[in-house]
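A short write-up of the structure that comes next.
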């Protein structure tokens with residue numbers, strides 16, 4: 001599977017918004033978007049007008065990059081969303097939010113989704129007491145996500161115990177136990193991702 005190996009900050013500049021790909025740096029004045037708020041490349045500051053397709057395509061790219069998915073993964077998730085009841089756009093965002101790597105990030109156990117994927121892949125987390133090392137694993141209402149006991153002694157997780165963490169309303173977190181719980185599946189109003197999902201639906205419906 002193809003992997004993006006260039007600078008992550010170029011992605012934020014290309015999409016014109018913070019994708020929070022580099023953890024704390026994204027919240028600091030060092031953020032590339034704060035310094036150079038225009039697309040990368042020699043034509044980045046030139047005037048251009050996107051077509052309808054171009055606007056839809058950029059929205060899809062932004063969503064993909066926000067959650068760190070490749071095209072095939074994203075398209076498969078969209079196809080799954082269209083087979084579910086309800087609005088395809090809302091279903092897509094809910095499926096993205098309930099990926100294990102995103103939940104780990106939302107619980108504050110990782111500074112970015114990229115770091116969350118790495119931690120999950122390395123086997124640091126359990127779901128309902130069983131190790132899960134698949135970032136794409138879909139959590140359900142009532143699931144308990146916890147840091148594996150052997151991993152809790154690492155400096156990374158010891159540091160988290162001293163942090164004040166705010167989580168979305170559809171989950172709770174016990175920082176001392178390094179454990180979080182999914183109270184219920186999120187609805188569209190619970191998701192703060194700056195994505196116009198209807199444009200993605202329009203793009204894939206062509």
**Fill in**
Between residue 131 and residue 72, the two model label points (7 Å from Cα along the beta-carbon direction) sit apart by a distance in nm of 2.6
**Complete:** A chain fully extended from residue 174 to residue 205 at 0.36 nm per residue, minus the present Cα-Cα distance, gains in nm 7.0 nm
**Item:** Value of relative contact order over the stretch 99-185, rounded to a whole percent, pairs C-alpha under 8 Å and six or more apart
**Value:** 29
**Request:** State whether the stretch 99-185 is rounded, prolate or oblate according to the following rule on the C-alpha gyration tensor (a ≥ b ≥ c being the square roots of its eigenvalues): a/c under 1.5 gives rounded; otherwise a/b larger than b/c gives prolate, and the remaining case gives oblate.
**Result:** rounded
**Asked** Taking the Cα-to-Cβ direction at residue 84 and at residue 53 and moving 7 Å from each Cα, how far apart do the two end points lie in nm?
**Response** 3.0
**Asked** Which shape class applies to the stretch 51-125: rounded if a/c is under 1.5, otherwise prolate when a/b exceeds b/c and oblate if not, where a ≥ b ≥ c are the square roots of the Cα gyration tensor eigenvalues?
**Response** prolate
**Request:** Assuming R0 = 25 Å, can you tell me the calculated FRET efficiency for the pair residue 159 and residue 122, based on Cβ-Cβ distance, to the nearest 0.05?
**Result:** 0.90
**Request:** Along Cα→Cβ, 7 Å out, is where each label goes; now give me the distance between the ones at residue 144 and residue 185 in nm to one decimal.
**Result:** 2.3
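The numbers here are math on the coordinates, done by the rules we state, and not lab data. What you are looking at is a predicted structure, and each value in this text was computed from that prediction instead of being measured. Reconstructed Cβ throughout: ideal geometry from the backbone, glycine too, with neighbour counts over all protein chains shown.
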